[in-house]
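The values are calculated or read from the model by the stated rules, or taken from the named source; none is laboratory data. Here the structure is a predicted model, which is why all the values come from computation and not from measurement. All Cβ positions, even for glycine, are placed from backbone atoms using ideal geometry, and neighbour counts span all protein chains on display. When the accessible area is computed, the model is the full protein with side chains, heavy atoms only, and any ligands, DNA or RNA have been set aside. Shrake-Rupley method; radii C 1.70, N 1.55, O 1.52, S 1.80 Å.
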Amino acid sequence: MLYAVFQALALWLLWTGQKSDAKTQWLKVGVLLLLVFAGTVGISVLLKWMAQSLALFTVATAKQYAIAVSMSLLCLWGMAMLIALINVIGTSIKRFHETYNADNWKKVAPAVSGAQPGVMIVARCLLSFASALMLSGLWLR
């Protein structure tokens, strides 16, 4: 069940990411990293408390689940970072050519603007597949 939750979060994160400026994207990635750290600590404390006070499972099982949740959160953060990186690299290359290759840029701009959405779809499909592989390796043993 947790596999499905994390996979749904990964797909939502990959496919709903709006393209914004580089500073905003990197700020979001940094905030997500802080949330991953806070979530890891929170889940670890909650699971250990549940294991000790409610005796639902052992402390060793709580540690295993805490590690799996932590690694899943890191996978989600990695997906967000890769999407931000792809967007920033594409925007930087486009800006470079607009500035320093203005003569040829006017000729190739229609082809680049036509190909850019396709490249992003392929990249997001590959990242979706990668997230499925990573999360299934963590949760479906």
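Overview of results
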read-out: Residue match in region 96-107 (condition: part of a helix (DSSP H, G or I), in contact with an Asp or Glu (Cβ under 6 Å, 6 or more places away or on another chain) and of a type outside the set (Lys, Arg)); value: yes
read-out: Cβ-Cβ under 6 Å pairs, at least 6 apart or on other chains, region 27-51 side open to solvent by 30 Å² or more (accessible area, probe 1.4 Å), far side not in a helix (DSSP H, G or I); value: MET50/LEU56
read-out: Leading residue by the ranking (surrounded by the fewest Cβ atoms within 10 Å (Cβ to Cβ)) among those in region 86-110 that are among the basic types (Lys, Arg) and closer than 27 Å to LEU127 by Cβ; value: ARG95
read-out: Matching residues in region 52-64 - criterion: being surrounded by fewer than 17 Cβ atoms within 10 Å (Cβ to Cβ) and either under 25 Å from the mean Cα position of the chain (by Cα) or not polar (S, T, N, Q) (or both); value: LEU54, ALA55, LEU56, PHE57, VAL59, ALA60, LYS63, GLN64
read-out: Boolean, SER113 is closer than 23 Å to CYS75 by Cβ, of a type in the set (Gly, Ala, Ser) and either surrounded by 11 or more Cβ atoms within 10 Å (Cβ to Cβ) or free of Cβ contacts under 8 Å to residues at least 40 places away in the same chain (or both); value: no
read-out: Condition met for TRP139 (out of contact with any Cys (no Cβ under 6 Å at 6 or more places or on another chain), open to solvent by less than 70 Å² (accessible area, probe 1.4 Å) and in contact (Cβ under 8 Å) with a residue 24 or more places away in the chain); value: yes
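For every residue, the table says whether it meets (1) within 29 Å of GLY137 (Cα to Cα); (2) charged (D, E, K, R).
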{"position": "GLN7", "(1), (2)": "yes, no"}
{"position": "ASP21", "(1), (2)": "no, yes"}
{"position": "LYS28", "(1), (2)": "yes, yes"}
{"position": "MET50", "(1), (2)": "yes, no"}
{"position": "VAL69", "(1), (2)": "yes, no"}
{"position": "ASN87", "(1), (2)": "yes, no"}
{"position": "HIS97", "(1), (2)": "no, no"}
{"position": "VAL112", "(1), (2)": "no, no"}
{"position": "ARG124", "(1), (2)": "yes, yes"}
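Yes/no per residue for (1) modelled with pLDDT of 85 or more; (2) more than 22 Å from ASP21 (Cβ to Cβ); (3) of a type in the set (D, E, K, R):
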position	(1), (2), (3)
VAL69	yes, yes, no
ALA84	yes, no, no
ILE89	yes, no, no
LYS106	no, yes, yes
VAL122	yes, yes, no
PHE129	yes, yes, no
LEU135	yes, yes, no
